[in-house]
Each structure stands twice: as structure tokens, then as C-alpha cells.
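What follows is a short report on a single structure.
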Amino acid sequence: MVENAPMTSPSKSELLLDAAARAARYVAEERDRPVFPTTGAVDRLGSLQFNATLDRPLDAADVIEMLDEIGGAATVANTGGRYFGFVTGGVEPVGLAASVLAGAWDQNAALPVMSPVAAHLDALAAEWIVDLLGLPTDTVATFCAGASIANLTAIITARDTLLRRVGWDTAADGLIGAPPIDIVASAEIHSSALKALRLAGLGTGSVQEIATDELGRARPDAIPSAVLESDRPTLVLLQAGNVNTGHSDPFAAIIERFDPATSWVHVDGAFGLWANAAPDRRHLLDGVELADSWATDGHKWLNTPYDCGVVAVTDPTALESSMAMNAAYAGGDGGRSPMNLGLQMSQGARAIPLWAILATLGRAGVADAIERCCRHAERMAGELAVAGAEVLCPPALNQVLVAFGGDDQTDAVIDRLQSGGEAWMGGTNWHGRRAMRISVSDTSTTGTDIDRAIAAVLAAR
Ligand SMILES: Cc1ncc(COP(=O)(O)O)c(C=O)c1O
């Protein structure tokens, strides 16, 4: 006899309402929380493993209560307006609400037949992204876990396409014995693009670097001449938004030096590509549309819930010929199937919260959110400079780099700030100096948050 699944107590609806009420309380208090959890809250995480074990499981309601009370206290408040670490981003309220709804739906977006709503919004959101980011109209965009995966997807597609053009079929023959590919990259390309080269079997040992200028941009006059003179297939890696300075490579001046017949230009624009959605910043990315592929993130500057990356490729056939898979039971209907456009088969419907955000903000709202963060960053840099901090690089977007004397002093300021709980900024190395790295990427950050963050940094000196 087949047994029925046990009835759960409380019911699914009751559990969800309880979790939603707890989530709403968290959100109501998020702006007043310490930006980093207290040591006591982090230490209490250990009690999770005593309260429930594999051999002594708990009731579902108790699990949610424990998760809220012990887990919720040990969160980093990156949605509260005063978190400036990494390039983390907050969460747009409608994106969060849509993800709660979509979580209940539990859709698999791999194939249209698995979820008509996911398929519809996936295609629509992809079209809107291409439009908003000013990419060529034939470009196909698709969603993935983040810019690291987007970089990998694009680099694999570039590799296969470049080799196909010289008569090599990577899908059939792999890489052993394949013709060489020249790889040229900004000397400050993000580490995730280098990791993608490793994972794509191209390695990093032969990368020819383009030296950068004082703002961290690749210099057109520093493209290695050997690569320009060679007629070998060439992969060019550039970036929109240097992870430290926010400045972007001069795309037009670099891309025009390469022959489109033998090269593929990929741009990592994890956060910086969003400058193209803000009319007053678009000039910073002049020529970015001349590339062949782009990586960006929703979860950074668009403030989608985690995780949501985007890869975009001008040649849909190239993307599909690298990413498509063949399973008799999972045949597509010839339409757009996300599992044939990326690395994953099963996948969450990441486009749903992203679509909800774009449908709510519209073009003007996105532009406004990007511009607002840039202005906050400018004010942060200006006021810290007036107060005696050294701004290491004039900000162009949402990133600010400051030092407070020698490296040890700068690190001491970062440590004191981080332990204070009022605002959180990380540290980095920038052109031989230690620096505090400030990223204004939570679009809910207000002028008052910036005042409070500046005061906290100055108090930590
Ligand atoms: C410029 C750049 N590229 C790529 C990445 C990797 O993005 P993700 O963490 O979404 O994989 C980051 C993350 O900070 C980044 O800033």
C-alpha cells in the first residue's frame, strides 16, 4: 500500500503566514539594526546545532521560529541603507515581494512547458534588459546565478565560436590539439573573469595584459602589439566598472583596434554596465555596444534578491550552439528555452523578481536609482576629502576609495568602523596602497544614511 505524505502541522499556509509576518518584522527593523551582527548573535548560531539534530528533528513551526530568532539576528543588514561593502546591493521591495510569491510557485524555468509564466517573464525581462542597457537589438540575454557564471558562459561561447571560425569543433573534439587563441585582458580585469578562463580550459598563463591608467582603465596605447599583428583568433576581455574605482575601459578606442572577423570582445559589467541605464552616465561606456558579449548582475545594482546574473550575447546562435543540450525527454518546442542558453538545466525563475522591479521602476526609475547612488558616492568622496581623508581616485560611478594616512592607519580605521555597527565598508589594495573601499549599491540609501556613514567613518579615524 502506498502511504500518503504525512499531514504537516501547522499547515503550509499557516507556516507561510508565520514566515511572512516574521519577514515583515525584519524588514520593518532593517534600518535600525547594527549593520554587522554583534559577536553574541554570531556565537548563538552554534545553538542551532543543539536544538535540532538529524536524529531529533523539530516541528516546522519551531524551526521557523528558531531560524528567525537565532538566524535573523546573525544577518548582515545589507538592505538597510548603510552597508557599503563589496558591491552587494540591497533589495527593491517589489522584487522581494515577487520572490516570496514566486517562491510559493516553485517554478522550474528550464523549459517553457515547465512554467508558462516563468517562460513569458523570462523572455520579456531579457528584452527589457537589452533595451535598458543599450545593447544591439539582436542581442539575446539570459539569466544565471551571477556575473561569475555570466563571464564563464560568455567565455565558453567565445572560445567555441573563435575556434569554429578556424575549422575546429570544440563540442566534438575538445581542446586537446586545438589551434591557439590569443587572450588579451585589462591588467585589472576582475578575478572572476580569470577564473572563467581557467574553467573554460584556456588558462591564465598566456593572458597578455593591457596596462591600466591611474583610474584603473585599460589603456588603448598599451594593447600588446604582438596581439594586434597576429591573425590568430583573439579573445579580448574588458570591463565596465573596475571593481575598485568604478571606472570603465575606453571601449570604442580599444575595440576598433581588433578585427571583428578574428576577435571576440567580452565585457564584464557586473555592476558598471548599469551606467548605460542612466542617461547622465552613459558617456562613460562609450562604445560598449561594440562588444560581442556582456556579463552583468541584477543582484548588485538593480537590487534584485539574490541570486541573479545576466549574460548577453549578440549572436544567439553562437550562445545556443555552446549551451544547448540534447535530452530526449526534455525537447524544447523550438522556442526560447533557458536550459539551452546557459549552464544550468533546472533553474529558478530569476526573471520574475527582476521583471517585477523593471515593471515598477520603469526606465526613468532605474535611471534615477543609478544616478542617486552615483551622487551619494560623489558626496561621500567630497565630504571625506574636506574632512582630511585622501580620496585615491575621483569617483565616476558608485565606488569610492579613501586612505587615512599609511596602510596601517587605513586598516585601523576600517577595523574600528566595522566593529561599530553604524556602517560597513571593506578594505582593498589599490595601486600599492591600502584603501577603504566604499560601494554605494543599495538603492534605498538616503542622504541621511550618507550623513550617518560619513560621521561613522570620521569617528573611526
Ligand atoms: C566587476 C565584477 N565582475 C564580476 C563579479 C562577480 O560577480 P558575482 O559575485 O555576481 O558572481 C563581481 C563581484 O563583485 C564584480 O564586481
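Comparing ALA253, GLY432, HIS299 along the charge dipole axis of the chain, the residue lying farthest to the positive side is GLY432, per the Cβ-charge model. Of all beta bridges that DSSP places with both ends in the chain, some 60 percent have antiparallel geometry. When +1 charges are put on Lys and Arg Cβ atoms and -1 charges on Asp and Glu Cβ atoms, the dipole computed for the range 36-99 relative to its Cα centre reaches about 300 debye.
From the alpha carbon centroid of the range 319-346 to that of the range 389-461 is 44 Å.
Under the convention that each Lys and Arg Cβ holds +1 and each Asp and Glu Cβ holds -1, the size of the dipole of the chain around its Cα centre is about 380 debye. With the biggest extent put first, the Cα atoms of the chain measure 74, 67, 43 Å across the principal axes. What does DSSP give for the range 243-319 in terms of the percent of beta bridges that are antiparallel, rounded to the nearest 5? About 60 percent, rounded to the nearest 5. Shown for the chain are the DSSP H helices of 30 Å or more along their axis, judged by Cα atoms, with a mean Kyte-Doolittle hydropathy of at least -0.5: 351-386. Under the combined filter of DSSP loop state and at most 16 neighbouring Cβ atoms within 10 Å, the range 226-310 retains these trypsin sites (Lys or Arg not before Pro): ARG257. Would you please classify the overall shape of the range 99-356 from the alpha carbon gyration tensor, given that a ≥ b ≥ c denote the square roots of the eigenvalues, rounded means a/c under 1.5, and beyond that prolate means a/b larger than b/c while oblate covers the rest? Judged from the Cα gyration tensor, the range 99-356 comes out oblate (a/c at least 1.5, b/c at or above a/b).
All of the numbers you see were taken from the coordinates with simple rules; none came from a lab. Computed from a predicted structure; not experimentally measured. Here Cβ is always computed from backbone atoms with ideal geometry, including for glycine, and neighbour counts include all displayed protein chains.
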